[in-house]
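Here, each number is a calculation from the coordinates, and none is a lab measurement. Bear in mind that the values here come from a model prediction, so they are computed numbers and not experimental data. Cβ atoms come from the backbone with ideal geometry, glycine included; neighbour counts cover every protein chain shown.
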Amino acid sequence: MTATTDGSTGALPPRAAAASESTTPVTAGVQDAARRATSRATDFLLSQQDAQGWWKGDLETNVTMDAEDLLLRQFLGIRDESTTRAAALFIRGEQREDGTWATFLGGPGELSTTIEAYIALRLAGDTPDAPHMARAAAWIRTQGGMARARVFTRVWLALFGWWKWEDLPELPPEIIYFPKWVPLNIYDFGCWARQTIVPLTIVAAKRPVRPAPFPLDELHIDPARPNPATPLAPAASWDGLFQRLDKALHLYHKVAPRALRKAAMNTAARWIIERQENDGCWGGIQPPAVYSIMALHLLGYDLEHPVMRAGLESLDRYAVWREDGARMIEACQSPVWDTCLATIALADAGVPADHPQLVKAADWMISEQVVRPGDWSVRRPGLPPGGWAFEFHNDNYPDIDDSAEVVLALRRVRHPDKERLERAVARGVRWQLGMQSKDGAWGAFDADNTSPFPNKLPFCDFGEVIDPPSADVTAHVVEMLAVEGLADDPRTRRGIAWLLAEQEPDGSWFGRWGVNYIYGTGSVVPALTAAGIPRSHPAIRRAVGWLESVQNEDGGWGEDLRSYSDTKSWSGSGASTASQTAWALMALLAAGGRDSKAVERGVRWLAETQREDGSWDEPYFTGTGFPWDFSINYHLYRQVFPLTALGRYVHGDPFDGPGKNRPAEAVKGSVVRLGESPRAQAGKGSLAGAGEG
């Protein structure tokens with residue numbers, strides 16, 4: 001690849017000419033190669049399972065996790081040299097030639113990330129005149145300096161006196177009292193934002209300043225005027241309105257009744273403590289843990305308090321130690337997601353449904369089902385729990401995406417305790433049906449989390465802070481409901497109608513939680529065909545045409561994260577990756593294209609790029625936390641999705657006909673009668689009345 005003007009290495013790869021679907025039989029050589037690749041990938045994935053039954057790959061994001069971990073330890077007075085040295089080793093290794101740090105491989109330098117990485121290395125003892133530091137500081141100045149950093153970065157700067165608290169947007173802790181019908185109440189925010197904002201309101205109210213360990217004048221364009229004022233937008237615009245609201249909140253900060261403010265902070269602290277998980281974390285996510293520990297510390301909780309001690313211990317579990325001594329911090333951990341995807345991949349690849357490792361995985365997944373209400377019940381108070389979370393410990397925030405895929409995984413396993421599995425599936429299906437939003441689709445964590453106001457706050461200038469329905473999550477739920485015999489249920493049909501309406505003019509679908517249009521399309525097409533949409537339907541044919549048109553010359557598929565922020569020219573464009581090639585193949589296979597030239601070339605690419613040990617290499621980021629703003633490289637994606645695609649190529653649709661892997665008695669349980677396919681049984685199951693959307 002060639003370097004671009006912004007220092008990235010993401011040049012558009014050459015594309016193959018749009019190939020029309022071919023009916024030419026695939027060569028026997030490709031079929032044999034696919035079988036060999038499937039066998040090797042199966043052996044490799046089985047070898048990666050934990051003794052308890054779960055799988056978990058590293059979850060790689062960017063160096064802000066590592067920098068903020070060091071800054072927290074500096075703030076609390078617990079930073080030690082060994083941790084600092086290991087973190088700095090990782091951060092230095094991620095710096096690019098131009099002195100910057102990016103948020104994904106090959107992406108452009110990112111200002112806030114570069115500022116935070118620079119400060120972390122200063123904490124580690126790197127001097128401003130060191131060549132790598134001088135390059136970083138010079139680039140920061142060219143981008144406008146610290147004044148142009150996002151709000152969260154400037155919060156960290158304010159904690160050490162490098163920025164003025166009064167020059168930051170205001171968000172008072174009194175919002176904890178807003179009822180759910182008031183705009184900008186905490187439940188208007190997505191769960192990940194809610195968990196972060198509540199503790200940050202305490203931090204912002206306290207406005208602490210720790211002595212700065214060094215000055216940062218080199219990161220200002222004009223050190224004599226480091227905090228330039230932001231010009232006001234027109235009063236009639238949304239930006240202008242919220243800027244003026246922020247000014248009013250700054251005035252309120254000066255006159256807020258002390259008793260009310262103290263009560264609000266204490267209420268927020270109780271809210272935080274009530275949501276601490278059994279292992280000490282908050283929502284299984286690193287950022288809320290960082291800010292929750294800081295907020296409670298400012299309210300007088302000492303570091304030996306059980307809540308604080310458990311929280312600090314949980315932070316250490318986000319650390320991944322590498323062979324070279326570097327220490328990478330995961331923003332989150334994904335064992336439930338990885339385990340259900342691994343189970344699906346292995347079952348679809350031909351592993352017997354009663355294989356001991358699949359049964360052990362099913363046991364572990366069933367044990368992870370969330371059976372108590374969480375924040376989602378604020379909007380669905382009468383709905384019994386039954387979902388699954390993403391992480392090891394996160395009973396407050398099960399998510400709909402994981403829950404759908406877990407049910408699909410459990411249905412592939414012939415479990416010796418059928419009743420236990422059936423109970424878990426029934427609870428999961430009922431919960432997901434109840435979490436349907438008003439428009440017929442599904443978000444990730446909450447129903448109807450669609451307020452337009454949180455994203456407009458000056459405080460919220462980084463990533464998505466609401467959780468509206470998305471095509472990929474909705475597709476996974478629709479596919480699960482179809483497998484459960486509910487394809488003709490009115491709630492499923494509403495989801496299908498929403499998906500059809502969301503298709504892009506070019507035939508693709510937007511991918512919220514994976515990159516991007518390839519992920520969305522790879523999720524939606526299998527769901528629609530599973531739910532009985534004919535393969536000849538115009539929406540399916542448009543999707544096939546789009547996928548064939550964006551196939552790379554090497555036979556694979558890839559998409560760069562710039563498809564989220566740039567023009568449609570990046571849609572479906574990027575270096576071929578194993579996971580994105582698999583997503584495209586899963587869609588084409590579901591659409592009936594097994595014998596097409598596009599599928600043959602994609603399967604061949606997967607077979608030829610597989611390593612000797614049965615794995616694939618994938619340095620590119622194909623997952624998202626927030627589209628464009630926060631990118632993820634799931635290290636197990638490169639394994640589970642290629643194996644799923646190859647397995648379906650070799651063995652066909654696992655729920656379409658009497659495949660040898662279908663657990664004949666358990667695949668449908670009480671929902672589908674033996675001898676009839678799931679699609680033939682659509683809408684006839686005993687779950688047809690479970691839950692209300």
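Structural remarks
- Sequence ranges 61-70, 39-48, 208-217, 277-286, ranked by mean other-Cβ count within 10 angstrom, highest first: 61-70, 277-286, 39-48, 208-217
- Its DSSP H runs of at least 4 residues, each contributing -39,500 (n - 2.57), put the calculated 222 nm mean residue ellipticity of the chain at -14000 deg cm²/dmol, to the nearest 500.
- Check: the chain dipole with +1 on Lys, Arg Cβ and -1 on Asp, Glu Cβ, in debye: 1440 debye
- Sorting 299-308, 261-270, 481-490, 377-386 by average packing, meaning the other beta carbons within 10 Å per residue, from highest down gives 481-490, 261-270, 377-386, 299-308.
- Around the Cα centre of segment 314-394, unit charges on the Cβ atoms of Lys, Arg, Asp and Glu (plus for the first two, minus for the last two) sum to a dipole of about 360 debye.
- Local electrostatic count, G53, Cβ distance below 13 Å [Lys/Arg +1, Asp/Glu -1]: -2
- Candidate aspartates and glutamates for bridging to K262, where Cα separation is under 19 Å - those fewer than 8 sequence places away on the same chain excluded: E170, E174, E274, D302
- Ordered by the count of other Cβ atoms within 10 Å of each Cβ, fewest first, I115, I533, I496 give I533, I496, I115.
- Between the Cα long axis of helix 306-316 and the first principal axis of the chain there is an angle of about 60°, rounded to the nearest 10.
- As a rough guide to protection, the peptides 100-110, 469-479 ranked by mean Cβ packing within 10 Å, highest first, stand as 469-479, 100-110.
- Computed P(r) (all Cα pairs; segment 360-414; 10 Å bins; percent): 25, 53, 20, 2
- 0 to 90° range, to nearest 10: angle between helix 517-530 axis and the chain longest Cα axis: 40 degrees
- Residues with amide H under 5 Å from that of C332, placed H, sequence gap 5 or more: Q286
- A quarter of the convex hull surface defined by the alpha-carbon atoms of segment 121-183 gives 6.4 nm² as the mean projection.
- Rg to Rh, two decimals, where the chain supplies the alpha carbon set and Rh follows Kirkwood: 0.97
- Size descriptor, Kirkwood hydrodynamic radius, that averages inverse alpha-carbon separations across segment 107-235, Å: 16.4 Å
- Ordered by the number of other Cβ atoms lying within 10 Å of each residue's own Cβ, fewest first, S563, S403 fall into the sequence S563, S403.
- Cα long-axis angle, helix 471-483 against the chain (0 to 90 degrees, to the nearest 10): 40 degrees
- The ranking of I366, I293 by Cβ neighbour count inside 10 Å, starting from the fewest, reads I366, I293.
- Overall Cα dimensions of segment 62-329 - principal axes, largest extent first, Å: 51, 48, 34
- In the chain, a dipole from Cβ-located charges (positive for Lys and Arg, negative for Asp and Glu) runs towards its positive end, and of P654, Y291, L184 it is L184 whose Cα lies farthest in that direction.
- For segment 419-506, the list of trypsin sites (Lys or Arg not before Pro) that fall in a loop by DSSP and count at most 14 other C-beta atoms within 10 angstrom reads K438.
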